Structure formats: C-alpha cells, structure tokens
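Report on one structure; see the data block that follows.
The values are calculated or read from the model by the stated rules, or taken from the named source; none is laboratory data. Remember, it's a predicted structure, so these values are computed and weren't measured experimentally. Methodologically, a virtual Cβ is constructed for each residue, glycine included, from the backbone with ideal geometry; neighbour enumeration extends over all protein chains shown. Accessible surface is based on the protein model in full, side chains and every heavy atom, while ligands, DNA and RNA are left aside. Shrake-Rupley method; radii C 1.70, N 1.55, O 1.52, S 1.80 Å.
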Amino acid sequence: MTLGFADVFFTACYVLNIVSFMFRSMLWLRLGVLIATVGFVVFSFFYGNNAMVFWNSVFVAVNAYQLVRLVLEMRRLDLGPELEAIRSAVFSAMSRRDFLHFWELGNGFETDSGFLTRESSPQGTMYFLIEGELDVVKDGKVIAKVQHNHFVGEMSFMTGDPASADTRPSGKVRVHEWSQAKVHSLQHKKPHIFNALLTILGRDLSSKLGRAGSWHG
C-alpha cells in the first residue's frame, strides 16, 4: 500500500506529538505539542473536518498560552551575578530554575574555625565552598587543599560511608550546606535534578582525585 502525502503528513504530526513527551524540558515539550497540533488543524481544515479543526484549535490556544507563560517566567528568573557565575562554572547541567530549587534546599554560612568533616565520622551534610580555602587533613597532616567552587562530603553523600578525612578552614570561608536527607529526597521528588547533581558531583570528584591522589570528600 502506497502512502499519500496526507497520510505521511498526518503520521508525522502524531510522531512529533509522541516525541515531544520524551523531552524532560517543559519548554521543548510544549513547543513540540504546539507544532504537532497546528499540523492537525491544517490537516483537518483541508479535509473539512470542522470538529477536529475546532478542538485542535483549542489545544493550540492552550499550548501557545502556556508556552508564552513559560518563556516569560524563564526570562524573569534572575539569579544575580554570584549565583549565575556559580551555575555557569559548576551547575551548567541544571537549568536556572532547577539550580535555584536545589540551591534553596540548603543554607549559607561563614566561618574561620572548626571542621566541616571529621575523618571516620558519619556525614549527614554536604558542603559547597563559595569563597576561601579548606585544608584536607588526614592523620594530622594537610594532604590537600579545597578551592572555591568545589564540594566537600560528596563521596559520603554518594556512598553513605564516613568521611575519609578532616576538612577545616585555612582562613575565613563562605560555604553553602545541604542536609543529605533533603538532597536524597530529590531522587523521588525531582529525579531530573538528582541525576544532574550526580553528574556534577562525579565531575567534581574526578577533578579532586586528579589533583590529590587517593583523597576524596
């Protein structure tokens, strides 16, 4: 059986509609469905099916409205210079909205003393160094330095094992911290954010292993 142009066009609209729902991004999903539905309107118009023209036109209007709202919301999302720089440098695997959602699960603080992690102790918190420098201490000796834009405690978060070393400020530092329990909750509530975070943590860990031999956070 030979398919005519109309059959191919109609099938292509359905394929585009199905493919659209495979996108994680709501923007691309809305755009794909919108284009496919416009195709259905055109097809229905030329074949004189007024009911299909009407209902698909309603779907076009709804999707167009939601798409415009989505684009406007994305434009209004201003992270500010510092967070934008952090996202670009470390969290580029996340959209701005997803990054902000993850960031706001935690809290920031400043310190120049104490320890963030203690060797062989259970670790319930994961840290991100915004500014300053941390000493990594094992068996009483400084074996590495953690620079800004790197995580601390990420290996404990990923494996559940105790911290492998002490980490302490070598001066005044600014840090952002997250409860491991809150971050793990993303695995079910926002799996796309959780998966992006695992990719980011893997890159951070690889970077530190390359500089510090056997040490990990």
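Entry remark, the range 74-92: residues being within 28 Å of Ser20 (Cβ to Cβ), at pLDDT below 80 and either open to solvent by 60 Å² or more (accessible area, probe 1.4 Å) or of a type in the set (Phe, Trp, Tyr) (or both) number 3 in total. Filtering the range 160-183 to residues that are in a helix (DSSP H, G or I) and closer than 20 Å to Ser92 by Cα leaves only Val183. Residues that are open to solvent by 30 Å² or more (accessible area, probe 1.4 Å), among the β-branched types (Val, Ile, Thr), at negative phi and at pLDDT below 95 do not occur anywhere in the range 130-137.
Listed conditions (1) open to solvent by less than 40 Å² (accessible area, probe 1.4 Å); (2) farther than 22 Å from Lys190 by Cα are all met by Ser57, apart from (1).
Conditions tested, residue by residue: (1) in contact with a Ser or Thr (Cβ under 8 Å, 6 or more places away or on another chain); (2) assigned to a helix (DSSP H, G or I).
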site	(1), (2)
Asn17	yes, yes
Leu27	no, yes
Leu31	yes, yes
Phe40	no, yes
Ala64	no, yes
Ala93	yes, no
Arg97	no, yes
Leu100	no, yes
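Here Phe115, Phe157 are screened, and the one residue that is more than 30 Å from Leu72 (Cβ to Cβ), touching a residue at least 40 places away in the same chain (Cβ under 8 Å), assigned to a loop (DSSP other than H, G, I, E, B) and among the aromatic types (Phe, Trp, Tyr) is Phe115. A Cβ distance below 7 Å, combined with a sequence gap of six or more or placement on separate chains, defines the contacts here; from the range 13-37, residues that are free of Cβ contacts under 8 Å to residues at least 24 places away in the same chain reach residues that are hydrophobic (A, V, I, L, M, F, W, C) and not in a helix (DSSP H, G or I) in the pairs Leu29/Phe21; Leu29/Phe23; Gly32/Phe23.
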